[in-house]
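J.: Structure provided below as structure tokens; questions to follow.
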Amino acid sequence: MAQDVLNALTLGSLYLLFALGMSLAWGTIGILNFAHGSIFMFAAFTAHLLVQEVALPMVALIAVGVAAGALLSVLVQLLVFEPIQRRAKDKHKAELQILIGGIGVAIVPLAIAQYLTRSVPFGYSAGRFQVNSYDLGFVRVSNVQVITLAAAFGLAALIGWWLKAARPGLALRGIGVDAEVASMMGVDRRRLALLTMAVAGALAGLAGVLLTYYLGSIAPETGDAFLLKAFAAIILGGVGSIAGVTIGALFLAGVETLVLVTTSGAWAPAIAFGVLFLMLLVRPNGLLGRQEVRRT
Amino acid sequence: MTTVEPRGGATEAGGRAAVLRTEDVAVHFGGIKAVDGIDLALEQGRILGILGPNGSGKSTLLAAITRLVPLTRGRLLLDGEDYGRTPPSRLAHRGIARTFQTVRLLPELTVLGNIQLGADLRRSRSERLRELVRRDVPAAVREAVERTGLGDLLDLFPGELSYGTARRVEIARALASRPRVLMLDEPTAGMNQPERLEVAGLLRRLRDEGLTQLLVEHDVQMMVDTCDRLLAMNQGLPIAEGAPADVVRDPAVQEAYLGKRWNRAGDR
Amino acid sequence: MSQWFVSHLILIQGTFISLLLALSIQVPLRAGVFSFAGIGSYALGAYTAAILTIRLQVAPVIAIGAGVLLAAVVGYLLALLVARLSGLYLGMATIAFALFLGVAATNGGELTGGPTGLFGAISTLTTAHVIAVTLVVVLLLAAGERGAYGRRVDAVREDPQLAVTLGIDVNRVRRRVFVVSGALGATAGGMYTLLRTTVSPETIGFHLVVTALTMIIVGGSLSWAGAAIGALIFTWLPTVLQFVGEWQLLVYGLLVTAAAVYVPGGILGLLQSGWRRYQRSRRPAVRPGAAAAAAGEHEAPLATLGTPGEVRS
């Protein structure tokens, strides 16, 4: 029982790390990045490529994953989303084009990774880090789990605080609420958008490396599955709300673990879709989301 | 086509049957009282003008009358019948046509296509099916094109039109539905003086042919010249109503809105 | 010719099935409805056709027809459920719906064959049938893009509020679009399953969303013709681009991205604007100026209207 709770918490933390960046970008600069899953996977893959050459410690791999994630995310912003926003006639059209552009650009890293790995899962077994488990009597906890939990909750708290208290965070929230007013107040939207995407990508990269350590290996297609789960977590909690996405990620992981433990688990993949669909029907703004008119 | 010189300002206000009437209409957005208790009557074959500064609730009132925003309170009557629960799309079928404050033409359609859109609701299924094989232009569209003088521009796309011309296309689209009541939200905004006069002349001719109209405008001179009655609004409330000449001289109206504007318009 | 036909049979079938699937997304998109429910309908049509064919040995027209009917009804109900949603939120809800059906198929036990799916759905459906059905569908959709029907859908997409004031029941148009999308998706799914005689949960997934979207975005989303261009390109590209080999997926990704950023109207949009420019260059200069048609010119214009053949709309 305690073990299941710990596993659910770890899974929830990984969902959270992944969804945090997406929620941040969506809730502030209005970019729903469909390439987030691809960035997440490719950051982990970059670390894998490196570790095949040099036996690096975990810290180095995390650094590489974070940097690769941030870099990819910024590139996508510069090459795809920014031009779309510049050229689109209205916000609604830009939204859809960004979604489609994200789906398109997400194929590129996926295709490269699939080609290089021949779609075989990859991991960090060549690295210097050893996954160790500690038996605490009632529960077995691994060092990767400890790091994941600490990173997820620590970063969620940090970003939550940053949005509330720090100047760029406030400016970002301003853009999320009213872009025009924000730009009148002298907020440099372009720079903030790039910063946001870098942070989002870094979080994705971190999540990717930690997931690979946690599971031992991941496949290039893992990104897609995470993407849809992250949506469910974000919609559940409310777009743009850090507390909301935390609750959403933990809830989703909890229910999934429950289903896995109590049943054969065949329905587990459907939970995210069910949660997403029902939440959109009942309360599209999520549990803690801003009350934004989304109706026609 | 009648070329009767329009009568200057109306003298014989009242007494005619009201086609459309509002009773104590209010629209509140949260705590903001955009419209707060408006009674008006559109008399058959007359032009009622609504005057007021920006943000006085004119456009919201128009949206309420056309059922695009829900009423907070009050009643809407068409031919004496409450239509406060009629879906907005039914109103067009009952003869209410409107234009908007901004140009809202479909970019993928030509000028002709945009005008046809107005007439489409009057076309039967068999007419629509026939149009699939043979391009025919209904009489209502020809008439609307002729009235608005857009005949040369039918093949152009909205992106190729000047602002004033685009606005005329919108009037033509509204006319193509052969409405009983025409509601125009600042139809001459962005037009130059000759264009304004042209539109004002058109509206008067339509009035003389019996078309009931509701006109929201900023150009006071045009309102005085065109409308039979004026309703002045400020902050969602009615401040004066009556013959145009009287309304614009009303102290409350002068204070609320006209002042500078009226003088400037008078200078012309 | 027939030699060619036989050796390319799989690709030819694939082209028409892909077109129908792409149309199940294009039809809503054209009405401004961002719905992927057509992918879910593909699953409904595929499984219904397989189950009926295997268990009851019904004729393909009934097996597919039943799926189409089911998907149309589900589409209608879905439209009522998601009536409040629009834009991205609608897109997400319908993706969730489609992928949920994929998982449901895995868990359908004996009925759906579980994770392995169903085999042996052998029927009399031929490629000629598929082509005939697709042609009829395309003809109907092409008609729906013309005249008043086409204009009214344009209005619903570009400006729903304006559409309402023009007497168009926007919600009814949206419900119809869901029904049509459902029927199209189910037709594609049913026919593909009977041609291949098998269906499995893996055929329904996020990749199907990506495939359909790819075709429409690159081809052009505003007309059936765009979907047709997309279906043609992405079915035949692999054979044409032999040299790309394993990088095929990469080429797709780059194409979609480039289309989304630079040519939102797709290839069809490019062709149309090129055609317009060509027409413009041939036409004698008009006076688009505002004052051109001012007072005194009311008599002339009807000349244009007199020859409807010249009037494009």
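J.: Given the criteria open to solvent by less than 30 Å² (accessible area, probe 1.4 Å) and part of a helix (DSSP H, G or I), does B:Leu61 qualify?
T.: Against the criterion (open to solvent by less than 30 Å² (accessible area, probe 1.4 Å) and part of a helix (DSSP H, G or I)), B:Leu61 qualifies.
J.: Identify all residues within the stretch B:111-120 that are facing another protein chain (nearest Cβ under 7 Å) and under 9 Å from C:Ala148 (Cβ atoms); write none if there are none.
T.: Of everything in the stretch B:111-120, those that are facing another protein chain (nearest Cβ under 7 Å) and under 9 Å from C:Ala148 (Cβ atoms) turn out to be B:Gln116, B:Leu117, B:Asp120.
A quick yes/no check of all residues on (1) assigned to a helix (DSSP H, G or I); (2) over 17 Å from the mean Cα position of the chain (by Cα); (3) facing chain B (nearest Cβ under 10 Å):
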| position | (1), (2), (3) |
| --- | --- |
| C:Thr124 | no, yes, no |
| C:Val130 | yes, no, no |
| C:Val133 | yes, no, no |
| C:Ala143 | yes, no, yes |
| C:Gly150 | yes, no, yes |
| C:Val153 | yes, no, no |
| C:Arg157 | yes, no, yes |
| C:Gln161 | yes, yes, yes |
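J.: Determine, yes or no, whether A:Val293 is under 26 Å from C:Ala83 (Cα atoms), part of a loop (DSSP other than H, G, I, E, B) and either open to solvent by 40 Å² or more (accessible area, probe 1.4 Å) or at pLDDT 85 or above (or both).
T.: yes
J.: What are the residues in the stretch B:123-146 that are at pLDDT below 90, buried (at least 18 other Cβ atoms within 10 Å of the Cβ) and either in contact with a strand residue (DSSP E or B) (Cβ under 9 Å, 6 or more places away or on another chain) or not in a loop (DSSP other than H, G, I, E, B) (or both), if any?
T.: B:Glu131
J.: For the stretch C:163-197, give me each residue that is of a type in the set (Gly, Ala, Ser), in a helix (DSSP H, G or I) and free of Cβ contacts under 8 Å to residues at least 24 places away in the same chain.
T.: C:Ala163
J.: Then there is this: Going through the stretch B:121-140 one residue at a time, which ones are at the interface with another protein chain (Cβ under 7 Å from one of its Cβ atoms) and out of contact with any Gly (no Cβ under 8 Å at 6 or more places or on another chain)?
T.: Residues satisfying the conditions are B:Arg123, B:Asp136, B:Val137.
J.: Select from the stretch C:68-100 the residues that are open to solvent by 10 Å² or more (accessible area, probe 1.4 Å) and β-branched (Val, Ile, Thr) and write down the one among them that is farthest from the other protein chains (Cβ to nearest Cβ).
T.: C:Val68
J.: Could you identify the single residue in A:Leu210, A:Leu258, A:Leu170 that is surrounded by fewer than 20 Cβ atoms within 10 Å (Cβ to Cβ) and either at pLDDT 90 or above or among the aromatic types (Phe, Trp, Tyr) (or both)?
T.: A:Leu258
J.: Of all the residues that make up the stretch B:170-201, how many are among the acidic types (Asp, Glu) and more than 10 Å from chain C (Cβ to nearest Cβ)?
T.: Result for the stretch B:170-201: 2.
J.: Can you find a residue that is closer than 28 Å to A:Ala233 by Cβ, free of Cβ contacts under 8 Å to residues at least 60 places away in the same chain, open to solvent by 30 Å² or more (accessible area, probe 1.4 Å) and not in a loop (DSSP other than H, G, I, E, B) anywhere in the stretch C:54-61?
T.: So in the stretch C:54-61, the residues closer than 28 Å to A:Ala233 by Cβ come out as none.
No, because not a single residue in the stretch C:54-61 is closer than 28 Å to A:Ala233 by Cβ, free of Cβ contacts under 8 Å to residues at least 60 places away in the same chain, open to solvent by 30 Å² or more (accessible area, probe 1.4 Å) and not in a loop (DSSP other than H, G, I, E, B).
J.: Still on this structure, I have one more. Just a yes or no: is a residue in the stretch A:133-143 in a helix (DSSP H, G or I), within 14 Å of chain C (Cβ to nearest Cβ) and not acidic (Asp, Glu)?
T.: Checked the stretch A:133-143: no residue is in a helix (DSSP H, G or I), within 14 Å of chain C (Cβ to nearest Cβ) and not acidic (Asp, Glu).
J.: Tell me, yes or no, whether the stretch A:90-100 has at least one residue that is open to solvent by less than 70 Å² (accessible area, probe 1.4 Å), in contact with a strand residue (DSSP E or B) (Cβ under 9 Å, 6 or more places away or on another chain) and either within 21 Å of C:Leu255 (Cβ to Cβ) or facing another protein chain (nearest Cβ under 7 Å) (or both).
T.: no
J.: With the requirement that a residue be surrounded by 24 or more Cβ atoms within 10 Å (Cβ to Cβ), within 7 Å of chain C (Cβ to nearest Cβ) and either without any contact (Cβ under 8 Å) to a residue 40 or more places away in the chain or touching a Cys at 6+ places or on another chain (Cβ under 9 Å) (or both), what does the stretch B:147-169 give you?
T.: B:Leu150, B:Thr165
J.: Here is a follow-up. Tally the residues that are at pLDDT 95 or above and either among the polar types (S, T, N, Q) or open to solvent by less than 10 Å² (accessible area, probe 1.4 Å) (or both), restricting the search to the stretch C:171-183.
T.: So the count comes out to 2.
J.: Within the stretch C:201-313, considering only helices (runs of 4 or more DSSP H) that don't extend past its boundaries, which have at least 2 residues that are buried (at least 18 other Cβ atoms within 10 Å of the Cβ) and at pLDDT 80 or above?
T.: C:206-219, C:224-240, C:248-262, C:266-282
J.: Something else now. Inspect the stretch C:52-65 for any residue being under 25 Å from C:Ser35 (Cα atoms) and over 17 Å from the mean Cα position of the chain (by Cα) and give the result as yes or no.
T.: yes
J.: Something else: So if I check each of A:Ala204, A:Ala200, A:Ala243, A:Ala225, which one is over 13 Å from the mean Cα position of the chain (by Cα) and not polar (S, T, N, Q)?
T.: Residue meeting the stated conditions: A:Ala243.
J.: I need a count of the residues in the stretch A:213-255 that are of a type in the set (Gly, Ala, Ser) and open to solvent by 10 Å² or more (accessible area, probe 1.4 Å).
T.: 8
The values are calculated or read from the model by the stated rules, or taken from the named source; none is laboratory data. The structure presented is a predicted model; accordingly, all values stated were derived computationally and were not measured. Quick reminder, even Gly has a Cβ in these numbers, built from the backbone with ideal geometry, and neighbours come from all protein chains shown. The area values use the complete protein model at the heavy-atom level, side chains included, leaving out ligands, DNA and RNA. Shrake-Rupley method; radii C 1.70, N 1.55, O 1.52, S 1.80 Å.
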